[in-house]
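We did not get these values from a lab; they are worked out from the coordinates using the rules stated. Bear in mind that the values here come from a model prediction, so they are computed numbers and not experimental data. Ideal geometry is used to build each Cβ from the backbone, glycine not excepted, and the neighbour counts take in all protein chains shown.
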Amino acid sequence: MQGSAHNELVLVVNSGSSSLKFGLFYRGDSDEEALLSGSAEGIGRSDGRLKILSSSGDLLWQRENVVESQSHALGAVAEAVQRHVGQSPLAVGHRIVHGGPKLRTHQEITPQALEELRAATHFAPLHIPQSLALIASAQNTFPSARQFACFDDAFHQNMPEVASHFPLPRRYFQAGIRRYGFHGLSYESLVHHFGVRLPEKVIFAHLGNGASLCAVRRGMSIDTTMGLTPTGGIPMGTRCGDLDPGVLLYLLRTEKLNIDQLEEMLNLHSGLVALSAGESDVRMLEERSSCADRGASLALDVFAVSVRKAIGAYIALLEGVDLLVFTGGIGEHSNHIRQTASGGLESLGLSPEKIQVIATQEERQIARHCRSLLQPSLALR
């Protein structure tokens, strides 16, 4: 692959709480094509693993030891790019979970954009500092590359007011307290996948360790389950989802939790891992459930029923449904969750032939946005 004739490469980095997925893309005949792809899993743990794949999916390199940080993983990616491709990317695209109230469109990362992102840290204190650190590492690692931010909430920016407003005094909405919604890059990739074949009334269900659903009419988001932060919506692997506010008041008053302790519990020690008493991986929960583990069965049932309730609500909102798409790690691989979540909805018009399973392509979607943002400068060459 060394000395490849592919020019104008775009490197995409998609960071999670303990993972980093990446893809190195070139402009193919009709779409973005990956030269390299891979992921670092278990960042910061002794069982961390980094693997890098060729364009054909062959394993090029695997490291079976700890990956200390996102920046450390990015350094290994840069080494692989140099070793196997021999040229630096023209641009680096970053998936940013939350940009706050002022950063709602995909854009080049400028000093002003970084300032706005820092000012929005309180909207996503678990995500934005990590994104800022990774952007700084990418700027140092690829100093000649242009850096772009692709926001996971951008797809939902035009939701109607009835979906975006919380029932709070209006001054809070004006301060940025609203339903933003997330997994937008995944949903965008599904809209792109179908193109003109996308029917009018669609429900997307991105089910992974983080999970949400989205009601889509004519390719536009009209409602989504996540809210101000990715903690809201249906229960997830380690996140609580929506809670009665009284629960939070009880925890503050009775348990005397401070804000940081409460935030950690709601994001890292709730959801499936809490219901099952220690496990968030659906594959492991399904194994334990088959052995009559009541906690595992409860976790799976709560998750699947929450998804089914959201699907039913969105069928009502859309006044029917033409297509239901499952994506994300759980949505793509768990027959049990798909069947339980969609079962019993035939009376609402959801028939088996309206259900599809499609792999999400967040990295490719980010590459498409970066290429589009690069076009004016490329046209001058």
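Report the FRET efficiency, 1/(1 + (r/R0)^6), for residue 102 and residue 248, where r is their Cβ-Cβ distance and R0 is 30 Å, rounded to 0.05.
Step by step, r from the Cβ atoms, then E = 0.65.
Which whole-number percent of Cα pairs in the stretch 247-381 have a distance greater than 21 Å?
Roughly 61 percent, once rounded to a whole number.
Please list, by residue number, every one of the GluC sites (Glu not before Pro) in the stretch 311-352 that is coil in DSSP and has at most 15 other beta-carbon atoms within 10 Å.
Sparse-neighbourhood loop GluC sites (Glu not before Pro): 319.
Against the longest alpha carbon principal axis of the chain, how many degrees, from 0 to 90 and to the nearest 10, is the axis of helix 294-318 turned?
Orientation of helix 294-318: about 90 degrees from the principal axis.
Sorted from fewest to most neighbouring beta carbons within 10 Å, what does the list 39, 342 look like? Intermediate results must be reported in sequence, preceding the final value.
Values: 39 19, 342 22.
Neighbour counts put them in this order, fewest first: 39, 342.
Using packing as a proxy for protection, rank 294-302, 367-375 so that the peptide with the highest average count of other Cβ atoms within 10 Å comes first.
367-375, 294-302
Which aspartates and glutamates, on any chain, are close to residue 51 with Cα under 12 Å apart, when same-chain ones fewer than 8 places away are left out?
The qualifying aspartates and glutamates are 41, 64.
Extension gain residue 88-residue 335, at 0.36 nm per residue separation less the Cα-Cα distance, in nm?
84.8 nm
In the P(r) worked out for the chain, what percent of Cα pairs fall beyond 25 Å? Walk me through the numbers on the way to the answer.
Working: 41528 of 72390 pairs.
Summing the P(r) tail past 25 Å for the chain gives 57 percent.
For the stretch 73-201, compute Rh as the Kirkwood radius over C-alpha pairs and then the Stokes-Einstein diffusion coefficient at 20 °C and 1.002 mPa s; write the answer in µm²/s, rounded to an integer.
Reported coefficient: 129 µm²/s.
Using Stokes-Einstein with the Kirkwood hydrodynamic radius over Cα pairs, what translational diffusion coefficient do you get for the stretch 323-380 at 25 °C and a viscosity of 0.890 mPa s, in µm²/s rounded to a whole number?
It comes out at roughly 176 µm²/s.
Using only C-alpha positions, report the orientation-averaged shadow area of the convex hull of the stretch 1-114, nm², one decimal.
On the way: hull surface 32.2 nm².
Over all viewing directions, the stretch 1-114 projects a mean Cα-hull area of 8.1 nm².
Counting Lys +1, Arg +1, Asp -1, Glu -1, what net charge surrounds residue 310 among other residues with beta carbon under 11 Å of its beta carbon?
Values: positive: 308, 309; negative: 223, 242.
Surrounding charge for residue 310 is 0.
Quick one: angle between helix 184-194 and the longest Cα principal axis of the chain, in degrees between 0 and 90, rounded to 10, please.
Computed tilt is about 80 degrees.
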